[in-house]
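Presented below is the structure to which this report refers.
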Amino acid sequence: MELDQRIIEKSKWMWEKCLPHISVDSVVFGFHENQLKVLLVKTNSVQSWLLPGGYVLKNENLQDAAQRVLFERTGAERIYLQEFGVFGALNRSEEFFAAYQDDLWYKQRFISAGFYALVDYTEVNVTADEFSESCEWRSIDDLPELAMDHQLIYTNALTVLRQQLSYKPIGQNLLPERFTLPELQKLYETILGKPLNRGNFYRRIMRFDILVKHEDLRKGGAHKAPFLYSFDPLKYHESLQGFDW
């Protein structure tokens with residue numbers, strides 16, 4: 001079936017199963033090789049880069065819709081998901097399907113709920129769907145131009161993530177199960193885009209009282225092997241309710 005016909009057929013299904021005029025778009029962050037990366041989708045139709053997004057089923061909560069869309073894209077279940085904004089400018093997406101009939105589902109005006117997601121890069125198996133040419137990770141230092149208003153959504157998500165680092169111990173979903181304090185600090189520095197004083201960082205992160213110190217050490221390297229830590233799941237969850245440091 002040709003791409004245009006698939007889009008039209010899918011449009012009919014959307015009208016039947018989904019809530020009109022509401023969509024979700026997610027900025028999915030992963031941390032790999034000391035780089036903060038974002039998951040992007042390249043469309044078949046107009047060869048544009050977009051954030052992964054989708055629509056809300058009639059029997060579905062908004063956050064559940066975002067969770068489902070990301071699971072379909074990544075296969076990851078251990079995802080930290082945070083709603084951070086609503087985007088509803090005129091013609092934010094309608095012109096993307098200008099060549100189609102006006103009754104096409106995708107050509108309607110949609111107000112989108114923006115989420116940012118933190119995922120363990122190693123647990124993600126990115127998948128392109130029938131309307132996508134590719135789905136891949138890109139470093140935040142090497143992002144292509146994003147279509148529609150997705151550049152604005154991405155910029156707002158990164159701003160909110162950086163703000164929340166000051167009072168939430170974000171990191172559990174971006175790091176492996178066990179990590180060193182220097183690795184945790186590097187994650188924070190990469191997200192913030194600036195170096196942090198080691199002593200101040202260690203004192204502040206310890207104030208959260210969310211880390212479990214393990215007796216085994218990180219092997220290898222010329223320097224003294226650092227201790228490994230993991231997050232205490234219960235204390236981590238409690239601290240996400242808000243902690244002013």
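The values are calculated or read from the model by the stated rules, or taken from the named source; none is laboratory data. Small disclaimer: the values here were computed from a predicted structure and weren't measured. Neighbour counts run over all protein chains shown; Cβ positions are idealised from the backbone, glycine included.
Looking at Tyr55, Tyr106, Tyr80, just one residue is in contact (Cβ under 8 Å) with a residue 24 or more places away in the chain and either under 13 Å from the mean Cα position of the chain (by Cα) or over 19 Å from Ser23 (Cα atoms) (or both), and that residue is Tyr80.
For Asp120, are the conditions met, namely being touching a Lys or Arg at 6+ places or on another chain (Cβ under 9 Å) and not polar (S, T, N, Q)? Yes, satisfied. A single entry from Leu184, Leu174 fulfils the requirement of being part of a helix (DSSP H, G or I) and hydrophobic (A, V, I, L, M, F, W, C): Leu184.
Determine if segment 211-223 includes at least one residue that is modelled with pLDDT of 90 or more and aliphatic (A, V, I, L, M).
First, the residues of segment 211-223 that are modelled with pLDDT of 90 or more: 211-214.
Now narrow it down to the ones that are aliphatic (A, V, I, L, M): 211-212.
Scanning segment 211-223 turns up at least one residue that is modelled with pLDDT of 90 or more and aliphatic (A, V, I, L, M).
Within this structure, His214 passes the test of being touching a Leu at 6+ places or on another chain (Cβ under 8 Å) and not hydrophobic (A, V, I, L, M, F, W, C).
Do you know which of the residues in segment 115-137 that are among the hydrophobic types (A, V, I, L, M, F, W, C) and modelled with pLDDT of 85 or more is surrounded by the most Cβ atoms within 10 Å (Cβ to Cβ)?
From segment 115-137, those among the hydrophobic types (A, V, I, L, M, F, W, C) are 115, 117-119, 124, 126, 128, 131, 135, 137; that's our starting set.
Those still in the list that are modelled with pLDDT of 85 or more too: 115, 117-119, 124, 126, 135, 137.
Numbers: Phe115: 27, Ala117: 24, Leu118: 22, Val119: 22, Val124: 20, Val126: 18, Cys135: 16, Trp137: 16.
Top of the filtered list is Phe115.
For segment 114-128, the condition holds for no residue, the condition being that it is touching a helix residue (DSSP H, G or I) at 6+ places or on another chain (Cβ under 9 Å) and farther than 18 Å from Ser26 by Cβ.
Does Ile8 satisfy the condition of being among the β-branched types (Val, Ile, Thr), in contact (Cβ under 8 Å) with a residue 60 or more places away in the chain and more than 30 Å from Gln185 (Cβ to Cβ)? When the stated conditions are applied, Ile8 passes them.
Which residue out of Val56, Val86 is more than 30 Å from Arg178 (Cβ to Cβ) and in contact with a helix residue (DSSP H, G or I) (Cβ under 7 Å, 6 or more places away or on another chain)? Full working, then the answer.
Numbers: Val86 fails: in contact with a helix residue (DSSP H, G or I) (Cβ under 7 Å, 6 or more places away or on another chain).
Just one listed residue meets the conditions, Val56.
Looking only at segment 35-71, residues that are out of contact with any strand residue (DSSP E or B) (no Cβ under 7 Å at 6 or more places or on another chain), modelled with pLDDT of 90 or more and not hydrophobic (A, V, I, L, M, F, W, C) come to 5 in all. Screening Gly114 with (1) within 11 Å of the chain's Cα centre (by Cα); (2) outside any strand (DSSP E or B) gives one miss only, at (2). When residues in segment 173-187 are screened for being closer than 12 Å to Arg78 by Cβ and among the charged types (D, E, K, R), 1 of them pass.
Quick grid of which residues meet (1) among the aromatic types (Phe, Trp, Tyr); (2) touching a Ser or Thr at 6+ places or on another chain (Cβ under 9 Å); (3) part of a loop (DSSP other than H, G, I, E, B); (4) touching a residue at least 60 places away in the same chain (Cβ under 8 Å):
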residue	(1), (2), (3), (4)
Asn125	no, yes, yes, no
Glu130	no, no, yes, yes
Glu133	no, yes, no, yes
Met148	no, yes, yes, yes
Gln151	no, no, no, no
Thr155	no, no, no, no
Leu158	no, no, no, yes
Leu161	no, no, no, yes
Ser166	no, no, yes, yes
